[in-house]
1. How much of the pair distance distribution for segment 222-366 lies past 19 Å, counting alpha-carbon pairs only, in percent?
2. Need the full-extension length gain, Lys268 to Thr36, defined as separation in residues times 0.36 nm minus the C-alpha distance. One decimal, nm.
3. Taking all protein chains as present, what is the carbon and sulfur share of the accessible area of the chain, in % to the nearest whole number, probe 1.4 Å?
4. Determine the relative contact order of the chain: mean sequence separation of Cα pairs under 8 Å and six or more apart, normalised by residue count, in whole percent.
5. Which whole-Hz ³J(HN,Hα) couplings does segment 54-69 yield from phi under the Karplus relation 6.51 cos²θ - 1.76 cosθ + 1.60, θ = phi - 60°, glycine and proline marked x?
6. With a ≥ b ≥ c the root eigenvalues of the C-alpha gyration tensor of segment 26-170, is it rounded (a/c under 1.5), prolate (a/b larger than b/c) or oblate?
7. Just add up the charged neighbours of Lys123: K/R +1, D/E -1, any other residue whose Cβ is under 11 Å from the Cβ of Lys123.
8. Dipole magnitude of the chain about its Cα centre, charges +1 at Lys/Arg Cβ and -1 at Asp/Glu Cβ only, in debye to the nearest 20?
Amino acid sequence: MIISIVVFILVLLLIVSEKIDRSIIGILGALTLVFTKVITFEEMIEYIDFEVIGLLMGMMIIVYIVSKTGIFEYLAIKSVQITKGRPMRLLMMLMVITAVLSAFLDNVTTIILMIPVTLFISKILKITPLPFIISQIAFSNIGGASTIIGDPPNIIIATQANIDFINFSYNMLPAVLLSSFFTMTYFYLVFKKKINQRIIKFSEIKKIKTENAIRDIDLLKKSIFILAIVLLGFFTHSLTHFEPALIALFGAFFLILITKYKAEEIYKKIEWKTLFFFMGLFVVIGGLEKTGVLNLIGLFFKNLVGNNVLITNISLLLFAGFTSGFIDNIPITILISEIIKTSALDKLSFLVWYALALGADFGGNMTLIGASANVVASDIYNRSENNEEKITFLNFLKYGLPVFFISMISSIGYLFFRMFILK
């Protein structure tokens, strides 16, 4: 137990220091647990969530091939034309689009689809893309909280509590909208000076021919068709029971086949650093799970809250939120779900399930490693040409922490309203 805690803390500190590449830190942390016999090599493999790894890899391949068609440039130009080149209008529009997409797609998928558009927009307007990237990361996590399929913890909670799609969204949407409003206001106030307010003359924008952006019509038809099939597979997951990773990987490799791309060219474009980082992090968290650290935390929480309804709901929200900021929210959600069921906390108030969902979903905005989408977006941005200010752990924390507290306060307000006013 002590070794697993020390390894986790060291991994976290080294990630924050940014002296060593985080993919190396993650893998070395995992291997250390094996060498110290905290876990076996076989257990290390079991702790790696290949659902996440497969989904990431599949979508990276699909988006790379789609990007070669010029469709992202087309969408970027259209967005600039719709907002008449006004950066703050664009910021707001992209936040809304990201939130809506994240309600129905995996957050990582949304980010992988949106970031190329955002980077091209910043290139057209000659402005820093950082505010756009940060705000989109935040709204991918906020928007994902509104539906059962928007974020993996929601599926776990809905299954454990037997909540249907409509009831889940009915109870979550007010908190999501409240958090979205205050978060959008925060970003507007923070970024209005940071974003270069140079407005391109609308006459110049109209001169940009969107048709010229599309470079390969045949490739566009094939890739959009496969992408549509993959997204349809995501939407119908509850009916077909095909895992998103399976759908994404099958679509990716079938797209390589029909477009006749060279495999070695595709493999070079996969964000291997991101995948290795996640593999290592899954194992490090697995060490905490195996040695009982997570269970001890859960037991402490269970004894702390008692039977007070208000304290229980707020404690669940904050506990899930803070822990999800540093530890993957899936094991946290499973752990707290078991606490709720064994302690019959849901008998005190049905809102405990929604408090857990809000905490697990919104907690991802606190740190760079709080959600998969955060890591993927920062890696894509940091490798781009227009990244004069890189997204680091501390740089992200500067924006993520206020967004996290805004969401927590909004959620507490909503829970209080539901408990005492709208009973």
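The values are calculated or read from the model by the stated rules, or taken from the named source; none is laboratory data. Since the model is a prediction, treat every value here as computed from it, not as a measurement. Please note: Cβ atoms are built from the backbone with ideal geometry, for glycine as well, and neighbour counts cover all protein chains shown. For the accessible areas, the whole protein counts, side chains as well, though only heavy atoms, and no ligand, DNA or RNA atoms are used. Shrake-Rupley method; radii C 1.70, N 1.55, O 1.52, S 1.80 Å.
1. Value for segment 222-366: 65 percent of Cα pairs lie more than 19 Å apart.
2. Length gained, Lys268 through Thr36: 80.1 nm.
3. 68 percent
4. 26 percent
5. Taking θ as phi minus 60°, the curve returns x, 4, 4, 4, x, 5, 4, 5, 4, 5, 4, 5, 4, 5, 6, 7 Hz for segment 54-69.
6. Since a/c reaches 1.5 but b/c is at least a/b, the shape of segment 26-170 is classed as oblate.
7. Its environment carries a net charge of -1.
8. 1780 debye
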